[in-house]
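Notes to accompany the following structure.
The values are calculated or read from the model by the stated rules, or taken from the named source; none is laboratory data. From a predicted model like this one, the values you see are computed outputs, not experimental measurements. When we count neighbours, we look across all protein chains shown, and the Cβ atoms used for this are built from the backbone with ideal geometry, even at glycine. The area values use the complete protein model at the heavy-atom level, side chains included, leaving out ligands, DNA and RNA. Shrake-Rupley method; radii C 1.70, N 1.55, O 1.52, S 1.80 Å.
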Amino acid sequence: MQIRSERTRQALVRATAELIADGRPSDAGLINICHKAGVSRGALYHHFASTAALAAAVYDQAHSRVVALTGEAFQGSATDAPERFFVALGEALRTEKVVRAGMQLAADGSVGPPCLRDDLLSLAGQRVADGCQDPVHPAQDLADLVVVLAAGLVALGYTDPRWWDGETSQRLWELLRPLYVPAKGERD
């Protein structure tokens, strides 16, 4: 019985993520979610107090995923960490609807700021600033540049998914790489 309950809960989260990722947050209304998940309204309300609580569950799953991919990208060689971050983020946005949907949501499931995209950009900027020590370019300036590039990749990919392609991320990082000098002890 517990397995069935968890399957229903995940079907609701997946349906909500798909509706948001393939459209917009307002598409994830009660009727659309239940229809896509193949469950009754009662089943939705058994698992979630509201559609906002369900959207918050999408945010939670997406948040866990982007924190993990950011952590993985910034492990190892600091020199290529931002490139790994861009490639991993693009791949997640391209292939994982929960991440694509979660980027548009706030922790409470609303669409108001701050949304996951804002949290992710802040985290990535901090990781770049912490890992960079360039005598010519202040670390925060380079971190801001990485954040602007990441924000652009996220936003542009919604209208043209080629922006989420790993080759695009790598090509753009090649332009920035000469500006990025890892902190001492962080080099290869």
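Looking only at residues in region 134-149 that are part of a helix (DSSP H, G or I) and open to solvent by less than 40 Å² (accessible area, probe 1.4 Å), the one that is farthest from Ala15 (Cα to Cα) is Ala139. Would region 23-30 turn up any residue that is modelled with pLDDT of 95 or more and part of a loop (DSSP other than H, G, I, E, B)? No, that holds for no residue. Restricting attention to region 76-99, the residues that are more than 18 Å from Ile33 (Cβ to Cβ) and open to solvent by 40 Å² or more (accessible area, probe 1.4 Å) add up to 8. Do we find that Ala73 is crowded, with 19+ Cβ neighbours inside 10 Å, at pLDDT 90 or above, small (Gly, Ala, Ser) and more than 20 Å from Pro25 (Cβ to Cβ) in this structure? Against the criterion (crowded, with 19+ Cβ neighbours inside 10 Å, at pLDDT 90 or above, small (Gly, Ala, Ser) and more than 20 Å from Pro25 (Cβ to Cβ)), Ala73 qualifies. Output the residues belonging to region 102-115 that are in contact with an Asp or Glu (Cβ under 9 Å, 6 or more places away or on another chain) and under 30 Å from Arg177 (Cα atoms). If the condition is that a residue be in contact with an Asp or Glu (Cβ under 9 Å, 6 or more places away or on another chain) and under 30 Å from Arg177 (Cα atoms), then Gly102 is the only one that fits. Contact annotation: residue pairs with Cβ atoms under 6 Å, 6 or more positions apart or on different chains, pairing a residue in region 108-133 that is part of a loop (DSSP other than H, G, I, E, B) with a partner that is open to solvent by less than 60 Å² (accessible area, probe 1.4 Å), are Asp108/Ala56; Gly109/Ala52; Gly109/Ala55; Gly109/Ala56; Val111/Pro25; Gly112/Ala106; Gln133/Ala183. Within the option set Leu12, Leu54, being in a helix (DSSP H, G or I), open to solvent by less than 30 Å² (accessible area, probe 1.4 Å), in contact (Cβ under 8 Å) with a residue 40 or more places away in the chain and farther than 19 Å from Met103 by Cβ holds for one residue only, Leu12.
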